[in-house]
Protein chains: 2
Amino acid sequence: MAAVSAASMAALNTSFAGKKIAAAKKVSARVTTRALKPVRAAVAAPADVSTETVNDCVNTIRFLAIDAINKSNSGHPGLPMGCAPMGYVIYREAMTHNPKDHTWFNRDRFVLSAGHGCMLQYSLMHLTGYPSVSNDDLKNFRQWDSVTPGHPENFITNGIEVTTGPLGMGICNAVGLAAAEKHLAARFNKPDCTVVDHYTYAIMGDGCNMEGMSGEGASLAAHWELGKLIAFYDDNHISIDGHTDISFTEDVCKRYEAYGWHVQHVEDGNTDLDAIRKAIDAAKKDPRPSLIKVTTLIGYGSPNKSNSHDVHGAPLGADETKATRENLDWKYGEFEVPEAVQSYMDCSTKGAEAQAAWEKTYAEYKKKYPEDHAELDSIITGKLPEGWADALPSFTPEDAGVATRIHSQTMLNALGSAIPGFVGGSADLAPSNMTLMKQFGDFQKDTAAERNIRYGVREHGMGAIANAIALHSPGFKSYCATFFIFSDYMRSAMRIAALSGAPTLFVMTHDSIGVGEDGPTHQPIEHLASFRAMPGMLMMRPADGNETAGAYKIGVEQTDRPTTFALSRQVVPNLPGTSKEGVAMGAYVVQGPAAGEDCDCVLIGTGTELELACKAGAELGDKARVVSMPCWELFEEQSDEYKESIFPKDCKAIVSIEAGSTFGWSKYAHKSIGRDDFGASAPAGILYKEFGITTEAMVAAAKSLM
Amino acid sequence: MAAVSAASMAALNTSFAGKKIAAAKKVSARVTTRALKPVRAAVAAPADVSTETVNDCVNTIRFLAIDAINKSNSGHPGLPMGCAPMGYVIYREAMTHNPKDHTWFNRDRFVLSAGHGCMLQYSLMHLTGYPSVSNDDLKNFRQWDSVTPGHPENFITNGIEVTTGPLGMGICNAVGLAAAEKHLAARFNKPDCTVVDHYTYAIMGDGCNMEGMSGEGASLAAHWELGKLIAFYDDNHISIDGHTDISFTEDVCKRYEAYGWHVQHVEDGNTDLDAIRKAIDAAKKDPRPSLIKVTTLIGYGSPNKSNSHDVHGAPLGADETKATRENLDWKYGEFEVPEAVQSYMDCSTKGAEAQAAWEKTYAEYKKKYPEDHAELDSIITGKLPEGWADALPSFTPEDAGVATRIHSQTMLNALGSAIPGFVGGSADLAPSNMTLMKQFGDFQKDTAAERNIRYGVREHGMGAIANAIALHSPGFKSYCATFFIFSDYMRSAMRIAALSGAPTLFVMTHDSIGVGEDGPTHQPIEHLASFRAMPGMLMMRPADGNETAGAYKIGVEQTDRPTTFALSRQVVPNLPGTSKEGVAMGAYVVQGPAAGEDCDCVLIGTGTELELACKAGAELGDKARVVSMPCWELFEEQSDEYKESIFPKDCKAIVSIEAGSTFGWSKYAHKSIGRDDFGASAPAGILYKEFGITTEAMVAAAKSLM
């Protein structure tokens, strides 16, 4: 074997005359001697290639990034230049993936948590053979309508797993992908047939490690013992404000050890490819998730800008690019890929072989284990079992009224039995959010086939993990839960779900001042408005059992957008006019003149306040139409005719009632009853009365307009 | 000295016949031998009281909590029962505070980060002599209009420092309070005169430590070497979902050591008061922030509910209360405070003496150091120097156009020189947010008198720390900064600022699709709407230099509400009609028919789009009024007459333009131009054109309505 030793790699770089390599800290590799698990092929220095070609591969990655960022005059060259060696080892040597089929289920996953360095990933994808990233696409980096946007976006570029950029999010996504793999492997693999078996790789930077959310994900990764998660920490000591010394002096490795990770340190990430290979091998042998700290020089190769903030987020520019070419002895032109590099980097053949082998195994699995296959295939393909929605019950006014969080529990339990990929849990509020699926146990390191996830008090990490589970395979229906107020802790993850098309189900209970005594820190006010304003999010506020069933039906049907359910702490009756079908229209008539019929006022209610609107309608008489409006977004998707039939333009007395901010309601209503200041600590009934969220107020408002 | 030994305390509890004390882990105290700093009086077992009285104090705390929660039929008895011993030592023995003057500047601060346990704090405040919490107030726990709400709220209860409940927030607040103390001590203390010298105590639970934000605060606390921060970790192994084993198995102590904290473990927090005392003493001697893990039994004393989730968040109820009374041999009635406890717990006399001694020192300081005194006094009293607002410049259209983030930098630098308590920084985006005050250095452990804070990539922690600095002393003007999109990471801290009346200044740059190439993960869309919907928040979007100056003037003037500034990445011209005074009205006329004059259309613009509105107005002619609307909240506070003069009811052609969601604009405008879907990665100018946010679109919209 022609081992590419550190020494030989260093020799290849003797022309490097730039700044001194950042002094590598004297942290020796921490390799445990715990019990080994079987692992796939070790990452070895390749036998079929010259060290020169390998070095050219690494420098091609660097220069494609430099050239693309120069051409777009925008971007972050520092990370791709520093991380090119680890990127090369991961994508070319370590990962099992088929660039020609980015949807292959059993592919290794990769997440660039430091998403600003996306030119690293685009270069790697281009070189390893992804048709989604052509050389022309690299030239269109960050341009209108290109497939190479400024941060990795799974909904734009085939082969990108998740959308990153907001720091700390990607590593939590990686935790979610690895958790999904562990779950499926524990649930479906058989002693004679392994059909689920992939690694999840991630690269994160100092910024990711400063973000608290990465700690949430890391703590769970160790708790769940996600041994096939291998995270690289690009330790380059530079962040936007300058040297990390000014704000980040903790011992990151020790912190990950405290979580329970296997931690290693590659001291020279700029040239020592063998050390990176060996670290991956050791990571695969250890049952814990692995952190590989790789000390690199940001902007490696740039004689005047490396190791400084200047190379983080701005193009090198013509002069420095020239100097860098000379410095790294790079003889090729802009966007040029040397032939040997092109042919050696392409992973299409070995990827196709790997996929073909897996498909053979999967066909055997289908024969031997048809029932398991059917479940797994639903998860792999996203095809839900026929009639799954029949599991959702209907209700009549005679059924006992309960809180919509209790109805939600009924739906979660029904869907858990009906849909193989239905998994989820709460951020330590399972008994309050009512999110346990009673037929299943807890997903834990030794019971990973189970489907109730215990996220702990980690909302932000939970959201990102839940999104990644949803994106791991199209048949996963991934839910996560907390109090609606704590959506504030996970808003960024919820937004990324909406942006990236993750059909995550966000179960948000205790959705108003109805929370009562816990007081204003626990009472949502502006939250409904804030999610209605968020693009791509279905914001559902069901009023009773039928509407909760209808809301879940719609949430599960979504393949490319998330749904947020606002659910009550307090009891609500099952109302006569509600229906699952009505929910699908976004807003519909539940009492009084039907859609299109003559009415002299329209009373709109959502969730727990629909009951108040119905009572107001009864007081106002036969010409008062009561509309339930569980989802603004779905209503906006209806025809103009339907909208007019619900809210006629010539009706001058449209009143809304909702226990939350009235912000935004002026779009539909002439007067709105709600709460535009914070809540308070007192029994819920008193709060409704004191804040004037009452039937009487609604009747008075309607009368004042008629 | 009548030492209260662990043995004697245990003896006093021999009647405890309930569940076995949770096995204390064998983690021995980690006391370093680093250089000592002078500290104030050590916490000693008191000489003037019997161990029986001390034990009664602890049990009084427990039973006041039990009784209040039973009476309100709502609340969290588990924490107060388990933490009563540490609470007693902190409030009665360790803290220097004057219950009769909760505003005394040099008081020790206390933060209950596990805010749901607020009955612990109310009991302690009542017993130590705070007039704000009477026995009747305890009986009104969690009732309408009471001063004892369901979580600690500084705006309701005198003597509460910050508002907690959302977990992890309080410990970050404590970091902020300790940072404020360290800053002021470094800046104002003299070798012969110490006027700033207090500790900050906090109690946090497992939930706080699971939240990633607590890690952000903890990392900074160690980086800044906040040696006078003493945080207790109530290690009771129970969270809402059950035993912490199901989701929280990391080594918390080791993690804090990795941050750089001094870490100790009190193995028996239920009875070993001496161990708590000794830990505080050791904490004071160590220069690092201190974590004291105290292993307790949640619901200590309850024979059937302790050490279980049942006692976390629900009243004990009559039967279990009776059993607990018997178990702890408690002979007193409901809400009864034994006389010996009442007299011994009261800290009024020693508090008044401490304050008087400080006031004497402060008077000497005034004589010896009049200039320093003037600055410090401004911070203590909140009285800003006369004419401070004159520091804010004015602009004319002849002044070069720059991005409003650049104008913001001008204002921050001017205010830094004009206002002694002006401090702040960015979450590792200082060169992009433009937030450095050039005349000052960095607040670091060895340069703590400086005023630029380097928060690192830790938005949520930053927000909570900045809030606490603002609440430490009324003259602090505390700003913090990031990209507007990352308000999603710190939304909960911003909401708590709004709820709790912290006048924090949130500097949010890169406020729209104007971000350009970084793409949709970095482009705010719904953010303006989401903060306009949030109660108590001033959401400012200035259009140019004058408006940025006006916005900062208003932000600094606020004493009980925060301000968020949305600032542009891209260049804007200084427009002819803008003014600081106009900003104060929320919306005002900048072009065309003046307020109250006849107009045939009204064109509203905010921020970077005001220029487009002005151009549209010029095209539409003399009767087109152009209104700048930098702040909805201020406009809503104007008289009905003023509002009508700006947006006349009979004008049927009101059009808004804003590079963000149109959500909410229907309140003012008949048509709204904006972006209701996500942004994209491309140069900003192209995005504006592709998304139709143009002068032409505004002209067409106005014409369609006229």
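For this structure, a couple of remarks:
- Within the straight-line cut-off of under 23 Å between alpha carbons, the lysines reachable from A:Lys649 are A:Lys623, A:Lys667, A:Lys671, A:Lys703, B:Lys649, B:Lys652, B:Lys667, B:Lys671, B:Lys703, sequence neighbours fewer than 8 places apart in one chain being disregarded.
- Lys/Arg +1, Asp/Glu -1 at C-beta; the protein assembly as shown dipole; positive extreme among A:Ala174, A:Ser134, B:Val147: A:Ala174
- For a paramagnetic label modelled on A:Glu336 (point 7 Å from Cα along Cα→Cβ), amide N atoms under 17 Å away belong, within segment A:57-75, to A:57-68.
- Length-normalised contact order of chain B in % [C-alpha pairs under 8 Å, at least 6 apart]: 12
- Residues whose placed amide H lies under 5 Å from that of B:Val627, excluding near-sequence neighbours: B:Val590, B:Leu603, B:Ile604, B:Gly605
- Estimated FRET transfer efficiency when R0 is 45 angstrom, pair B:Glu326-A:Glu619 (beta carbons, to 0.05): 0.25
- Computed across segment B:587-705, the Kirkwood hydrodynamic radius from all distinct Cα-Cα pairs reaches 14.2 Å.
- Neighbours of A:Pro393, meaning other residues whose beta-carbon lies under 15 angstrom from its beta-carbon, give a summed charge of -4 when Lys and Arg score +1 and Asp and Glu score -1.
- Label-to-label distances for A:Thr396 across copies, nearest first, come out at 8.1 nm, using points 7 Å from Cα in the beta-carbon direction.
- Relative contact order for segment B:587-705, counting Cα pairs under 8 Å that sit 6 or more residues apart, in percent: 28
- Taking 0.36 nm per residue of sequence separation and removing the Cα-Cα distance, the B:Ser134/B:Asp640 pair yields an extension gain of 177.9 nm.
- Cβ-based exposure ranking for B:Arg675, B:Arg625, in which fewest neighbours within 10 Å come first: B:Arg675, B:Arg625
- Cross-link table A:Lys254/B:Lys293; B:Lys580/B:Lys689; A:Lys284/A:Lys350; B:Lys100/B:Lys360; A:Lys278/A:Lys331, entries beyond 28 Å C-alpha to C-alpha: B:Lys580/B:Lys689; A:Lys278/A:Lys331
- Segment A:6-350 - charge dipole about Cα centre, Lys and Arg +1 at Cβ, Asp and Glu -1, debye rounded to 20: 940
- Using the Cβ of B:Ala84 as centre and a radius below 12 Å, the other residues enclosed give a net charge of 0, where K and R count +1 and D and E count -1.
- For the protein assembly as shown, the mean residue ellipticity at 222 nm estimated from helices alone is -11500 deg cm²/dmol, where every DSSP H run of n ≥ 4 contributes -39500 (n - 2.57) and the total is divided by all residues, rounded to the nearest 500.
- Set of lysines with alpha-carbon distance to B:Lys139 below 19 Å, sequence-local pairs under 8 removed: B:Lys71, B:Lys322
- Charge tally in the Cβ shell below 11 Å around A:Leu412, where Lys, Arg are +1 and Asp, Glu are -1, A:Leu412 excluded: +4
- For the segment B:160-167, counting C-beta atoms of other chains within 10 Å of every residue's C-beta and taking the mean gives 3.
- Rounded to 5, the percent of DSSP beta bridges in segment B:6-350 classed as antiparallel: 15
- Amide proton proximity set for B:Phe422, modelled H, under 5 Å, gap of 5+: B:Lys477
- Long-range amide H partners of A:Val43 with built H, under 5 Å: A:Asp281
- Gain in span if fully extended, A:Ser348 to A:Asp650, counting 0.36 nm per residue against the direct Cα distance: 102.4 nm
- Listed values for segment B:685-690 are Karplus-derived 3J(HN,Hα) couplings in whole Hz (6.51 cos²θ - 1.76 cosθ + 1.60, θ = phi - 60°), namely x, 5, 4, 4, 5, 4, and x replaces Gly and Pro.
- Rounded to whole Hz, the Karplus (6.51, -1.76, 1.60) HN-Hα couplings of segment A:438-454, x for glycine and proline: 5, 7, 10, x, 8, 5, 9, 4, 9, 9, 6, 7, 7, 10, 8, 9, 9
- Here B:Asp192 yields copy-to-copy label distances, from shortest upward, of 9.3 nm, the label point defined as 7 Å from Cα along Cα to C-beta.
- Here's the picture: charge each Lys and Arg Cβ at +1 and each Asp and Glu Cβ at -1 in the protein assembly as shown, and of B:Gly441, A:Ser656, A:Ala584 the one pushed furthest to the positive end of that dipole is B:Gly441.
- Prolate/oblate/rounded label for the protein assembly as shown (Cα gyration tensor, a/c 1.5): rounded
- When A:Glu93, B:Glu619 are sorted by how many other C-beta atoms sit within 10 angstrom of their C-beta, beginning with the fewest, the order is B:Glu619, A:Glu93.
- Rounded, prolate or oblate (a/c below 1.5 giving rounded, otherwise prolate when a/b exceeds b/c) for segment A:388-572 by Cα gyration tensor: rounded
- Relative to the Cα centre, the charge distribution of chain B, modelled as +1 at Lys and Arg Cβ and -1 at Asp and Glu Cβ, gives a dipole magnitude of about 1320 debye.
- Measuring from each Cβ of chain A to the axis carrying A onto B, the nearest residue and its distance in whole Å come out as A:Gly212, 1.
- Relative contact order %, segment A:259-385, counting alpha carbon pairs below 8 Å whose residues are six or more apart: 15
- Options A:Ala282, A:Asn307, A:Leu297, ranked by Cα towards positive dipole end of segment A:276-331, top entry (Cβ charges): A:Ala282
- The HN-Hα couplings worked out from phi for segment A:190-205 by the Karplus form 6.51 cos²θ - 1.76 cosθ + 1.60 (θ = phi - 60°) are 10, x, 9, 7, 9, 10, 10, 6, 9, 8, 10, 9, 8, 10, 10, x Hz, whole numbers, x standing for Gly and Pro.
- Given charges at beta-carbon only (K, R positive; D, E negative), |dipole| of the protein assembly as shown in Debye: 2620
- Alpha-carbon Rg/Rh ratio, for chain A, with Rh computed the Kirkwood way: 1.03
- Across the copies of the chain, B:Lys366 has label points (7 Å from Cα along Cα→Cβ) spaced 8.8 nm apart, shortest distance listed first.
Throughout, read-outs are computed from the coordinates displayed, never taken from laboratory work. These numbers come from a predicted model, not from an experiment. As a convention, Cβ positions derive from the backbone with ideal geometry for all residues, glycine included, and neighbour counts pool all protein chains shown.
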